[in-house]
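The values are calculated or read from the model by the stated rules, or taken from the named source; none is laboratory data. Worth saying up front: this structure is predicted, and the values here are computed from it rather than measured. Here the Cβ positions follow ideal geometry from the backbone for every residue, glycine too, while neighbour counts run over all protein chains shown.
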């Protein structure tokens with residue numbers, strides 16, 4: 001099972017950041033705090049999770065494993081659509097794709 005530390009490491013690597021680069025973004029003088037967070041599993045306080053999320057440009061919910069989306073969505077409607085689509089069955093996803101394809105063909 002993935003831990004908060006695992007998701008921090010994955011997100012850091014996705015962004016192409018070294019542990020030292022992330023440490024600097026978070027205001028630390030060395031990478032040891034990042035290394036400890038990545039290996040400590042779920043033993044990270046809420047304030048630190050929020051700070052990691054800000055530095056990694058993702059949501060605390062993603063780092064906690066509550067949402068699969070690893071990016072920040074600024075628009076509540078768009079976040080609703082993304083989360084609804086993610087939970088939809090295959091038939092519903094196909095219907096949404098057809099609607100979007102049709103809209104693009106009409107130039108909307």
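Some notes on this structure:
- Leading residue by the ranking (nearest to residue 53 (Cα to Cα)) among those in the stretch 89-108 that are at pLDDT below 85 and part of a loop (DSSP other than H, G, I, E, B): 108
- For the stretch 11-68, a tally of residues being outside any loop (DSSP other than H, G, I, E, B), under 15 Å from the mean Cα position of the chain (by Cα) and without any contact (Cβ under 8 Å) to a residue 12 or more places away in the chain returns 5.
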